[in-house]
Amino acid sequence: MIIGILIGHAVSFPLWLPMTLLAAAIVVSFFLSRFIYWQGVGVMVVALFLGCTLITLKNTSLHTPPFSEHEHTYQAVLLSEPVQRGKVIRCDILVTTGMWEGHRVKASILRDTVDNNYQRLHVGDGITAVSVMEAPVNFTPSNFDYPLFLKSHGFTATTFIYWNNWRKAVVDLSRVSIFLRAKLSMLKFRQQLVDKIRAVGVDGQELAVAMAMTLGDKSMLTQMTRDVYAVTGSSHVLALSGMHLGIIYAIFSFLTGTRHRRMFRETVLLTAIWAYVVMVGMPASVVRAAIMITVYGVMSMIHRDHMSLNTLSLTAIIMLVANPLNLFDVGFQLSFLSVFSILIVCLVLLQSSSHALPSRRWWQGLWSMACVSLAAQLGTMPLVAYYFGRIACYGLVSSFVVIPLATIMIYMAVVLFLSLLLPFPSFSVLLSQLLVATTAILNRSLSVIASWPGACIDNVHLNGAQVLLAYVIEALVVFLVIFLWKRKKA
(Lines give C-alpha, C1' and ligand atoms only; values in the text may rest on other atoms or scores of the structure.)
Protein backbone atom coordinates (compact mmCIF):
# COMPACT_ATOMS: atom_id res chain seq x y z
CA MET A 1 0.00 0.00 0.00
CA ILE A 2 2.90 2.35 0.78
CA ILE A 3 4.39 1.64 -2.66
CA GLY A 4 1.02 2.45 -4.21
CA ILE A 5 0.85 5.75 -2.31
CA LEU A 6 4.35 6.67 -3.49
CA ILE A 7 3.48 5.84 -7.11
CA GLY A 8 0.22 7.79 -6.93
CA HIS A 9 2.05 10.76 -5.41
CA ALA A 10 4.77 10.76 -8.07
CA VAL A 11 2.42 10.29 -11.07
CA SER A 12 -0.81 12.24 -11.53
CA PHE A 13 -3.34 9.59 -12.56
CA PRO A 14 -6.94 10.34 -13.52
CA LEU A 15 -9.08 8.99 -10.68
CA TRP A 16 -10.88 6.41 -12.83
CA LEU A 17 -7.64 4.57 -13.68
CA PRO A 18 -6.50 3.40 -10.20
CA MET A 19 -10.12 2.76 -9.19
CA THR A 20 -10.66 0.53 -12.24
CA LEU A 21 -7.41 -1.36 -11.60
CA LEU A 22 -8.38 -1.76 -7.92
CA ALA A 23 -11.76 -3.24 -8.82
CA ALA A 24 -10.16 -5.61 -11.36
CA ALA A 25 -7.53 -6.74 -8.83
CA ILE A 26 -10.25 -7.48 -6.24
CA VAL A 27 -12.22 -9.60 -8.76
CA VAL A 28 -9.11 -11.53 -9.86
CA SER A 29 -8.08 -12.17 -6.23
CA PHE A 30 -11.56 -13.51 -5.49
CA PHE A 31 -11.34 -16.05 -8.32
CA LEU A 32 -7.87 -17.16 -7.15
CA SER A 33 -9.26 -18.49 -3.86
CA ARG A 34 -8.22 -22.07 -4.76
CA PHE A 35 -4.60 -21.02 -5.34
CA ILE A 36 -3.50 -19.66 -1.99
CA TYR A 37 -0.09 -18.35 -3.05
CA TRP A 38 -1.37 -16.62 -6.17
CA GLN A 39 -4.21 -15.18 -4.13
CA GLY A 40 -1.58 -13.77 -1.76
CA VAL A 41 0.06 -12.03 -4.70
CA GLY A 42 -3.37 -10.78 -5.74
CA VAL A 43 -4.00 -9.31 -2.29
CA MET A 44 -0.67 -7.47 -2.51
CA VAL A 45 -1.68 -6.05 -5.90
CA VAL A 46 -5.03 -4.97 -4.37
CA ALA A 47 -3.12 -3.18 -1.58
CA LEU A 48 -0.90 -1.43 -4.14
CA PHE A 49 -3.85 -0.14 -6.20
CA LEU A 50 -5.67 0.78 -2.99
CA GLY A 51 -2.77 3.03 -1.98
CA CYS A 52 -2.70 4.59 -5.43
CA THR A 53 -6.46 5.20 -5.33
CA LEU A 54 -6.38 6.69 -1.84
CA ILE A 55 -3.63 9.22 -2.62
CA THR A 56 -5.34 10.20 -5.89
CA LEU A 57 -8.62 10.80 -4.03
CA LYS A 58 -6.82 12.83 -1.37
CA ASN A 59 -5.00 15.02 -3.89
CA THR A 60 -8.28 15.62 -5.68
CA SER A 61 -9.98 16.73 -2.45
CA LEU A 62 -7.12 19.17 -1.70
CA HIS A 63 -7.40 20.91 -5.06
CA THR A 64 -7.03 24.64 -4.48
CA PRO A 65 -8.40 27.67 -6.33
CA PRO A 66 -5.82 29.37 -8.58
CA PHE A 67 -3.32 31.49 -6.67
CA SER A 68 -3.15 35.16 -7.62
CA GLU A 69 -1.80 38.48 -6.35
CA HIS A 70 -5.30 39.78 -5.69
CA GLU A 71 -6.59 40.10 -2.13
CA HIS A 72 -9.51 38.02 -0.94
CA THR A 73 -12.13 39.01 1.63
CA TYR A 74 -13.23 36.09 3.79
CA GLN A 75 -14.27 34.89 7.21
CA ALA A 76 -12.29 32.28 9.11
CA VAL A 77 -12.08 30.52 12.45
CA LEU A 78 -8.82 30.04 14.37
CA LEU A 79 -7.83 26.37 14.65
CA SER A 80 -4.89 26.99 16.98
CA GLU A 81 -3.86 29.37 19.75
CA PRO A 82 -1.91 32.31 18.24
CA VAL A 83 1.84 32.22 18.87
CA GLN A 84 3.94 35.39 18.89
CA ARG A 85 6.99 35.22 16.61
CA GLY A 86 8.77 38.56 16.31
CA LYS A 87 6.51 41.16 14.71
CA VAL A 88 3.74 38.70 13.87
CA ILE A 89 1.49 36.16 15.48
CA ARG A 90 1.06 32.83 13.75
CA CYS A 91 -1.98 30.60 13.80
CA ASP A 92 -3.90 28.06 11.74
CA ILE A 93 -7.22 29.19 10.28
CA LEU A 94 -10.11 27.53 8.46
CA VAL A 95 -11.70 29.75 5.81
CA THR A 96 -15.50 29.58 6.03
CA THR A 97 -16.60 31.95 3.20
CA GLY A 98 -15.49 32.98 -0.28
CA MET A 99 -13.65 31.01 -2.96
CA TRP A 100 -11.28 29.52 -0.36
CA GLU A 101 -14.12 28.16 1.77
CA GLY A 102 -13.23 24.88 3.48
CA HIS A 103 -9.46 25.32 3.08
CA ARG A 104 -6.99 25.34 5.96
CA VAL A 105 -4.41 28.12 5.83
CA LYS A 106 -1.26 28.96 7.78
CA ALA A 107 -1.69 32.63 8.73
CA SER A 108 0.77 35.27 9.94
CA ILE A 109 -0.88 38.38 11.37
CA LEU A 110 1.14 41.59 11.80
CA ARG A 111 0.92 42.73 15.42
CA ASP A 112 -0.71 46.03 16.32
CA THR A 113 1.57 47.42 19.04
CA VAL A 114 -0.74 50.34 19.88
CA ASP A 115 -4.12 48.77 20.67
CA ASN A 116 -2.75 45.21 20.97
CA ASN A 117 -5.93 43.77 19.50
CA TYR A 118 -4.07 40.58 18.63
CA GLN A 119 -3.95 39.69 22.33
CA ARG A 120 -7.73 39.14 22.27
CA LEU A 121 -7.44 36.39 19.66
CA HIS A 122 -7.74 32.82 20.87
CA VAL A 123 -8.41 29.40 19.39
CA GLY A 124 -12.02 29.07 18.24
CA ASP A 125 -12.46 32.83 17.60
CA GLY A 126 -13.80 34.04 14.28
CA ILE A 127 -12.30 36.80 12.15
CA THR A 128 -13.10 38.76 8.99
CA ALA A 129 -9.90 39.39 7.03
CA VAL A 130 -8.52 40.63 3.73
CA SER A 131 -5.28 39.09 2.43
CA VAL A 132 -3.52 37.36 -0.44
CA MET A 133 -3.47 33.55 -0.49
CA GLU A 134 -0.04 32.19 -1.40
CA ALA A 135 1.32 28.74 -2.22
CA PRO A 136 3.61 27.32 0.50
CA VAL A 137 7.32 27.39 -0.40
CA ASN A 138 10.56 26.09 1.09
CA PHE A 139 12.46 28.96 2.72
CA THR A 140 15.67 27.05 3.46
CA PRO A 141 17.54 24.49 1.34
CA SER A 142 17.07 21.18 3.12
CA ASN A 143 15.54 17.75 2.70
CA PHE A 144 12.52 18.89 4.71
CA ASP A 145 9.70 19.53 2.23
CA TYR A 146 7.64 22.23 3.94
CA PRO A 147 4.85 22.43 1.30
CA LEU A 148 4.39 18.64 1.42
CA PHE A 149 4.46 18.74 5.23
CA LEU A 150 1.65 21.33 5.23
CA LYS A 151 -0.27 19.33 2.64
CA SER A 152 -0.06 16.19 4.79
CA HIS A 153 -1.75 18.18 7.58
CA GLY A 154 -4.49 19.48 5.27
CA PHE A 155 -3.10 23.00 4.72
CA THR A 156 -3.30 24.29 1.16
CA ALA A 157 -2.04 27.88 1.43
CA THR A 158 -0.27 30.50 3.54
CA THR A 159 -1.24 34.13 4.02
CA PHE A 160 0.05 37.35 5.59
CA ILE A 161 -2.58 39.62 7.17
CA TYR A 162 -1.77 43.26 7.97
CA TRP A 163 -2.73 44.61 11.38
CA ASN A 164 -5.55 46.75 9.96
CA ASN A 165 -6.93 44.10 7.59
CA TRP A 166 -8.70 41.94 10.14
CA ARG A 167 -11.24 42.18 12.94
CA LYS A 168 -12.96 39.74 15.25
CA ALA A 169 -16.33 38.51 14.03
CA VAL A 170 -19.01 35.96 14.76
CA VAL A 171 -18.46 33.20 12.22
CA ASP A 172 -21.17 30.76 11.18
CA LEU A 173 -19.85 27.25 11.86
CA SER A 174 -22.98 25.40 10.77
CA ARG A 175 -21.24 24.18 7.60
CA VAL A 176 -18.21 22.97 9.55
CA SER A 177 -18.15 19.28 10.45
CA ILE A 178 -19.38 18.21 13.89
CA PHE A 179 -16.00 16.60 14.53
CA LEU A 180 -14.13 19.86 13.88
CA ARG A 181 -16.52 21.77 16.15
CA ALA A 182 -15.92 19.20 18.89
CA LYS A 183 -12.18 19.49 18.31
CA LEU A 184 -12.34 23.29 18.66
CA SER A 185 -14.23 22.89 21.94
CA MET A 186 -11.54 20.53 23.24
CA LEU A 187 -8.77 22.93 22.17
CA LYS A 188 -10.53 25.75 24.03
CA PHE A 189 -10.66 23.52 27.10
CA ARG A 190 -6.93 22.85 26.73
CA GLN A 191 -6.22 26.58 26.67
CA GLN A 192 -8.32 27.03 29.82
CA LEU A 193 -6.17 24.38 31.55
CA VAL A 194 -3.01 26.22 30.48
CA ASP A 195 -4.39 29.48 31.89
CA LYS A 196 -5.31 27.80 35.19
CA ILE A 197 -1.85 26.24 35.54
CA ARG A 198 -0.23 29.60 34.85
CA ALA A 199 -2.45 31.11 37.55
CA VAL A 200 -1.13 28.73 40.25
CA GLY A 201 2.50 29.69 39.67
CA VAL A 202 3.82 27.63 36.75
CA ASP A 203 5.37 29.92 34.15
CA GLY A 204 8.36 30.39 31.88
CA GLN A 205 10.04 27.45 30.21
CA GLU A 206 8.94 25.18 33.05
CA LEU A 207 5.34 25.77 31.95
CA ALA A 208 6.34 25.45 28.28
CA VAL A 209 8.03 22.07 28.75
CA ALA A 210 5.26 20.72 30.99
CA MET A 211 2.56 21.75 28.51
CA ALA A 212 4.46 20.26 25.58
CA MET A 213 4.79 16.93 27.41
CA THR A 214 1.22 16.70 28.62
CA LEU A 215 -1.04 18.81 26.39
CA GLY A 216 0.96 18.83 23.17
CA ASP A 217 1.21 22.64 23.23
CA LYS A 218 4.73 23.54 22.06
CA SER A 219 3.93 27.15 21.22
CA MET A 220 5.57 28.52 24.39
CA LEU A 221 8.92 26.80 23.89
CA THR A 222 11.78 29.17 23.09
CA GLN A 223 14.29 28.35 20.38
CA MET A 224 16.98 27.93 23.05
CA THR A 225 14.96 25.24 24.84
CA ARG A 226 14.21 23.48 21.56
CA ASP A 227 17.92 23.49 20.70
CA VAL A 228 18.93 22.04 24.10
CA TYR A 229 16.50 19.14 23.71
CA ALA A 230 17.55 18.60 20.08
CA VAL A 231 21.29 18.61 20.84
CA THR A 232 20.84 16.03 23.61
CA GLY A 233 18.61 13.81 21.47
CA SER A 234 15.62 14.43 23.73
CA SER A 235 13.26 16.22 21.34
CA HIS A 236 11.01 13.18 21.27
CA VAL A 237 9.99 13.79 24.89
CA LEU A 238 8.53 17.17 23.87
CA ALA A 239 6.32 15.50 21.27
CA LEU A 240 3.44 13.48 22.66
CA SER A 241 3.95 9.82 21.85
CA GLY A 242 3.37 6.30 23.11
CA MET A 243 5.26 6.87 26.36
CA HIS A 244 3.10 9.85 27.30
CA LEU A 245 -0.15 8.20 26.28
CA GLY A 246 0.83 4.96 28.03
CA ILE A 247 1.30 6.82 31.31
CA ILE A 248 -2.02 8.62 30.91
CA TYR A 249 -3.69 5.30 30.07
CA ALA A 250 -2.22 3.83 33.28
CA ILE A 251 -3.58 6.76 35.31
CA PHE A 252 -7.05 6.43 33.79
CA SER A 253 -6.88 2.68 34.36
CA PHE A 254 -6.08 3.24 38.04
CA LEU A 255 -8.92 5.75 38.41
CA THR A 256 -11.49 3.43 36.85
CA GLY A 257 -10.43 0.58 39.15
CA THR A 258 -10.69 -3.12 38.42
CA ARG A 259 -14.12 -3.93 39.81
CA HIS A 260 -16.05 -2.97 36.71
CA ARG A 261 -16.74 -5.35 33.92
CA ARG A 262 -13.80 -5.63 31.58
CA MET A 263 -15.71 -4.57 28.46
CA PHE A 264 -17.23 -1.53 30.20
CA ARG A 265 -13.89 -0.56 31.74
CA GLU A 266 -12.01 -0.75 28.43
CA THR A 267 -14.75 1.28 26.73
CA VAL A 268 -14.47 4.03 29.35
CA LEU A 269 -10.66 4.00 29.13
CA LEU A 270 -10.55 4.18 25.34
CA THR A 271 -13.19 6.93 25.26
CA ALA A 272 -11.09 8.97 27.70
CA ILE A 273 -7.93 8.32 25.68
CA TRP A 274 -9.52 9.44 22.40
CA ALA A 275 -11.01 12.53 24.03
CA TYR A 276 -7.50 13.38 25.20
CA VAL A 277 -6.12 12.78 21.68
CA VAL A 278 -8.66 15.22 20.22
CA MET A 279 -7.85 17.77 22.93
CA VAL A 280 -4.12 17.80 22.12
CA GLY A 281 -4.75 18.34 18.40
CA MET A 282 -4.38 14.78 17.06
CA PRO A 283 -0.68 14.80 16.04
CA ALA A 284 0.43 11.69 14.13
CA SER A 285 2.50 10.22 16.97
CA VAL A 286 -0.41 10.47 19.44
CA VAL A 287 -2.93 9.06 16.96
CA ARG A 288 -0.55 6.17 16.30
CA ALA A 289 -0.22 5.50 20.03
CA ALA A 290 -3.98 5.78 20.57
CA ILE A 291 -4.75 3.32 17.78
CA MET A 292 -2.16 0.89 19.17
CA ILE A 293 -3.67 1.22 22.65
CA THR A 294 -7.13 0.61 21.16
CA VAL A 295 -5.88 -2.50 19.37
CA TYR A 296 -4.08 -3.48 22.59
CA GLY A 297 -7.32 -3.24 24.54
CA VAL A 298 -9.35 -5.18 21.99
CA MET A 299 -6.70 -7.90 21.61
CA SER A 300 -6.43 -8.22 25.40
CA MET A 301 -10.16 -8.83 25.69
CA ILE A 302 -10.05 -11.61 23.12
CA HIS A 303 -6.75 -13.00 24.48
CA ARG A 304 -4.62 -12.38 21.37
CA ASP A 305 -1.02 -11.19 21.00
CA HIS A 306 -1.46 -7.47 21.53
CA MET A 307 2.05 -6.03 21.09
CA SER A 308 3.48 -7.24 17.80
CA LEU A 309 4.46 -6.06 14.35
CA ASN A 310 0.93 -7.00 13.23
CA THR A 311 -0.47 -4.43 15.66
CA LEU A 312 1.93 -1.78 14.34
CA SER A 313 1.06 -2.71 10.73
CA LEU A 314 -2.68 -2.53 11.41
CA THR A 315 -2.18 0.91 12.99
CA ALA A 316 -0.28 2.11 9.93
CA ILE A 317 -2.98 0.77 7.60
CA ILE A 318 -5.74 2.56 9.53
CA MET A 319 -3.86 5.88 9.53
CA LEU A 320 -2.93 5.65 5.83
CA VAL A 321 -6.46 4.74 4.78
CA ALA A 322 -7.77 7.71 6.79
CA ASN A 323 -5.16 10.05 5.29
CA PRO A 324 -2.57 8.66 2.82
CA LEU A 325 -0.61 11.92 3.09
CA ASN A 326 0.33 10.84 6.63
CA LEU A 327 3.08 8.85 4.90
CA PHE A 328 4.89 12.13 4.15
CA ASP A 329 4.51 13.51 7.69
CA VAL A 330 7.90 13.50 9.47
CA GLY A 331 6.20 12.78 12.80
CA PHE A 332 4.44 9.75 11.31
CA GLN A 333 7.70 8.41 9.86
CA LEU A 334 9.72 8.92 13.05
CA SER A 335 6.98 7.51 15.27
CA PHE A 336 6.58 4.27 13.33
CA LEU A 337 10.31 3.76 12.75
CA SER A 338 10.92 4.26 16.47
CA VAL A 339 8.31 1.69 17.54
CA PHE A 340 9.35 -0.73 14.77
CA SER A 341 12.97 -0.54 15.94
CA ILE A 342 11.96 -1.04 19.57
CA LEU A 343 9.94 -4.14 18.68
CA ILE A 344 12.85 -5.63 16.72
CA VAL A 345 16.16 -4.27 18.03
CA CYS A 346 15.19 -3.98 21.69
CA LEU A 347 13.95 -7.58 21.75
CA VAL A 348 17.21 -8.78 20.17
CA LEU A 349 19.33 -6.82 22.67
CA LEU A 350 17.37 -8.09 25.67
CA GLN A 351 17.36 -11.72 24.56
CA SER A 352 21.01 -11.82 23.54
CA SER A 353 22.18 -10.28 26.82
CA SER A 354 19.77 -11.91 29.28
CA HIS A 355 22.27 -14.56 30.38
CA ALA A 356 24.95 -11.97 31.18
CA LEU A 357 22.80 -9.65 33.29
CA PRO A 358 22.79 -9.70 37.11
CA SER A 359 19.56 -10.95 38.61
CA ARG A 360 18.84 -7.74 40.50
CA ARG A 361 15.65 -6.05 39.33
CA TRP A 362 17.01 -2.49 39.36
CA TRP A 363 19.90 -3.47 37.09
CA GLN A 364 17.56 -5.22 34.66
CA GLY A 365 15.32 -2.15 34.68
CA LEU A 366 18.24 0.13 33.79
CA TRP A 367 19.36 -2.20 31.03
CA SER A 368 15.82 -2.42 29.61
CA MET A 369 15.57 1.38 29.58
CA ALA A 370 18.95 1.60 27.83
CA CYS A 371 17.88 -0.97 25.23
CA VAL A 372 14.63 0.85 24.49
CA SER A 373 16.43 4.18 24.14
CA LEU A 374 19.20 2.73 21.97
CA ALA A 375 16.71 0.91 19.74
CA ALA A 376 14.60 4.04 19.24
CA GLN A 377 17.67 6.14 18.38
CA LEU A 378 19.00 3.56 15.92
CA GLY A 379 15.61 3.49 14.23
CA THR A 380 15.31 7.26 13.84
CA MET A 381 18.92 8.54 13.61
CA PRO A 382 19.33 8.27 9.80
CA LEU A 383 15.96 9.96 9.21
CA VAL A 384 16.68 12.73 11.73
CA ALA A 385 20.04 13.35 10.05
CA TYR A 386 18.31 13.41 6.65
CA TYR A 387 15.64 15.95 7.62
CA PHE A 388 17.40 18.08 10.21
CA GLY A 389 21.11 17.59 9.50
CA ARG A 390 22.01 16.71 13.09
CA ILE A 391 23.14 13.64 15.01
CA ALA A 392 22.92 13.69 18.83
CA CYS A 393 25.88 11.88 20.40
CA TYR A 394 24.69 11.68 24.01
CA GLY A 395 21.13 10.54 23.44
CA LEU A 396 21.66 7.34 25.40
CA VAL A 397 23.14 9.25 28.37
CA SER A 398 20.37 11.85 28.38
CA SER A 399 17.70 9.13 28.32
CA PHE A 400 18.67 8.11 31.86
CA VAL A 401 17.76 11.64 32.93
CA VAL A 402 14.85 12.33 30.61
CA ILE A 403 12.78 9.15 30.97
CA PRO A 404 12.51 9.06 34.82
CA LEU A 405 11.98 12.81 35.20
CA ALA A 406 9.53 13.02 32.30
CA THR A 407 7.54 10.13 33.77
CA ILE A 408 7.34 11.89 37.13
CA MET A 409 6.37 15.16 35.45
CA ILE A 410 3.55 13.58 33.45
CA TYR A 411 2.10 11.94 36.56
CA MET A 412 2.29 15.23 38.50
CA ALA A 413 0.83 17.25 35.63
CA VAL A 414 -2.16 14.92 35.20
CA VAL A 415 -2.86 15.00 38.94
CA LEU A 416 -2.47 18.80 38.82
CA PHE A 417 -5.04 19.00 36.01
CA LEU A 418 -7.48 16.95 38.06
CA SER A 419 -6.90 19.08 41.17
CA LEU A 420 -7.57 22.25 39.16
CA LEU A 421 -10.96 20.88 38.15
CA LEU A 422 -11.75 20.28 41.84
CA PRO A 423 -11.79 22.80 44.72
CA PHE A 424 -8.32 22.00 46.15
CA PRO A 425 -6.35 25.27 45.74
CA SER A 426 -3.65 24.58 48.34
CA PHE A 427 -2.98 21.12 46.90
CA SER A 428 -2.77 22.61 43.39
CA VAL A 429 -0.20 25.18 44.50
CA LEU A 430 1.94 22.49 46.15
CA LEU A 431 1.78 20.30 43.06
CA SER A 432 2.64 23.24 40.81
CA GLN A 433 5.74 24.01 42.87
CA LEU A 434 6.86 20.38 42.67
CA LEU A 435 6.22 20.37 38.92
CA VAL A 436 8.26 23.56 38.46
CA ALA A 437 11.15 22.13 40.50
CA THR A 438 11.19 18.84 38.58
CA THR A 439 11.00 20.58 35.20
CA ALA A 440 13.80 22.95 36.22
CA ILE A 441 16.01 19.97 37.15
CA LEU A 442 15.30 18.37 33.78
CA ASN A 443 16.03 21.54 31.80
CA ARG A 444 19.26 22.25 33.70
CA SER A 445 20.47 18.66 33.41
CA LEU A 446 19.97 18.67 29.66
CA SER A 447 21.66 22.08 29.40
CA VAL A 448 24.71 20.59 31.10
CA ILE A 449 24.74 17.59 28.74
CA ALA A 450 24.32 19.91 25.74
CA SER A 451 27.41 21.86 26.87
CA TRP A 452 29.64 18.77 26.79
CA PRO A 453 32.19 18.67 23.96
CA GLY A 454 30.97 16.76 20.92
CA ALA A 455 27.36 16.78 22.12
CA CYS A 456 26.11 16.65 18.55
CA ILE A 457 27.30 16.57 14.95
CA ASP A 458 25.76 19.37 12.87
CA ASN A 459 25.56 20.01 9.14
CA VAL A 460 25.07 16.35 8.24
CA HIS A 461 23.92 16.15 4.63
CA LEU A 462 22.45 12.80 3.61
CA ASN A 463 20.53 11.94 0.46
CA GLY A 464 17.85 9.31 0.11
CA ALA A 465 20.25 6.60 -1.07
CA GLN A 466 22.53 7.15 1.92
CA VAL A 467 19.61 6.95 4.34
CA LEU A 468 18.51 3.68 2.74
CA LEU A 469 22.07 2.35 2.96
CA ALA A 470 22.22 3.28 6.66
CA TYR A 471 19.05 1.27 7.36
CA VAL A 472 20.35 -1.68 5.32
CA ILE A 473 23.56 -1.69 7.40
CA GLU A 474 21.55 -1.53 10.64
CA ALA A 475 19.37 -4.43 9.47
CA LEU A 476 22.43 -6.53 8.57
CA VAL A 477 23.96 -5.89 12.00
CA VAL A 478 20.70 -6.93 13.71
CA PHE A 479 20.50 -10.13 11.62
CA LEU A 480 24.16 -10.87 12.44
CA VAL A 481 23.49 -10.49 16.17
CA ILE A 482 20.44 -12.78 15.90
CA PHE A 483 22.46 -15.36 13.96
CA LEU A 484 25.34 -15.35 16.44
CA TRP A 485 22.97 -15.51 19.42
CA LYS A 486 21.05 -18.48 17.99
CA ARG A 487 24.30 -20.23 17.07
CA LYS A 488 25.68 -19.74 20.57
CA LYS A 489 22.40 -20.87 22.10
CA ALA A 490 22.38 -24.03 19.98
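Structure summary
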read-out: Flag for SER219 being hydroxyl-bearing (Ser, Thr, Tyr), touching a strand residue (DSSP E or B) at 6+ places or on another chain (Cβ under 6 Å) and closer than 28 Å to PRO82 by Cα; value: yes
read-out: Residue satisfying all of: in the range 9-61; within 30 Å of PRO147 (Cα to Cα) and part of a loop (DSSP other than H, G, I, E, B); farthest from the chain's Cα centre (by Cα) among these; value: PRO14
read-out: Residue match in the range 3-20 (condition: under 30 Å from VAL130 (Cα atoms) and either touching a residue at least 40 places away in the same chain (Cβ under 8 Å) or open to solvent by less than 80 Å² (accessible area, probe 1.4 Å) (or both)); value: no
read-out: Selection count, the range 220-241, where residues are under 20 Å from SER373 (Cβ atoms), part of a loop (DSSP other than H, G, I, E, B) and not hydrophobic (A, V, I, L, M, F, W, C); value: 4
read-out: Pairs, first farther than 16 Å from LYS168 by Cα in the range 83-109, second of a type in the set (Asp, Glu), C-beta under 7 Å, six or more apart; value: ARG104/ASP92; LYS106/ASP92
read-out: Count of residues meeting criterion [open to solvent by less than 20 Å² (accessible area, probe 1.4 Å) and modelled with pLDDT of 80 or more] in the range 255-286; value: 6
read-out: Pair list, Cβ under 6 Å, 6 or more apart: the range 315-330 residue closer than 25 Å to MET299 by Cα and at pLDDT below 90, other residue among the β-branched types (Val, Ile, Thr) and assigned to a helix (DSSP H, G or I); value: THR315/ILE291
read-out: Inter-residue pairs, beta-carbon under 8 Å, first in contact (Cβ under 8 Å) with a residue 12 or more places away in the chain and among the aromatic types (Phe, Trp, Tyr) and in the range 46-68, second open to solvent by less than 40 Å² (accessible area, probe 1.4 Å) and not in a loop (DSSP other than H, G, I, E, B), 6+ apart; value: PHE49/GLY4; PHE49/PRO18; PHE49/LEU22; PHE49/ALA25; PHE67/MET133; PHE67/ALA157
read-out: Selection count where residues are of a type in the set (Val, Ile, Thr) and either assigned to a loop (DSSP other than H, G, I, E, B) or within 24 Å of ARG120 (Cβ to Cβ) (or both), scope the range 201-219; value: 1
read-out: Considering residues of the range 230-240 that are closer than 18 Å to ILE408 by Cα and open to solvent by less than 30 Å² (accessible area, probe 1.4 Å) only, the residue modelled with the lowest pLDDT; value: LEU240
read-out: Enumeration of residues in the range 69-80 that are surrounded by fewer than 20 Cβ atoms within 10 Å (Cβ to Cβ) and either touching a Gly at 6+ places or on another chain (Cβ under 7 Å) or not in a loop (DSSP other than H, G, I, E, B) (or both); value: HIS72, THR73, GLN75
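Yes or no, residue by residue, for (1) more than 22 Å from ASP145 (Cα to Cα); (2) surrounded by 18 or more Cβ atoms within 10 Å (Cβ to Cβ):
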site: THR311; (1), (2): yes, yes
site: ASN326; (1), (2): no, yes
site: PHE332; (1), (2): no, yes
site: PHE336; (1), (2): no, yes
site: SER341; (1), (2): yes, yes
site: LEU347; (1), (2): yes, no
site: LEU350; (1), (2): yes, no
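The values are calculated or read from the model by the stated rules, or taken from the named source; none is laboratory data. Not measured: the values here are computed from a predicted model. Note that we place each Cβ from the backbone using ideal geometry, even for glycine, and neighbour counts take in every protein chain shown. Please note that ligands, DNA and RNA were not included when accessible areas were found on the heavy atoms of the full protein model with its side chains. Shrake-Rupley method; radii C 1.70, N 1.55, O 1.52, S 1.80 Å.
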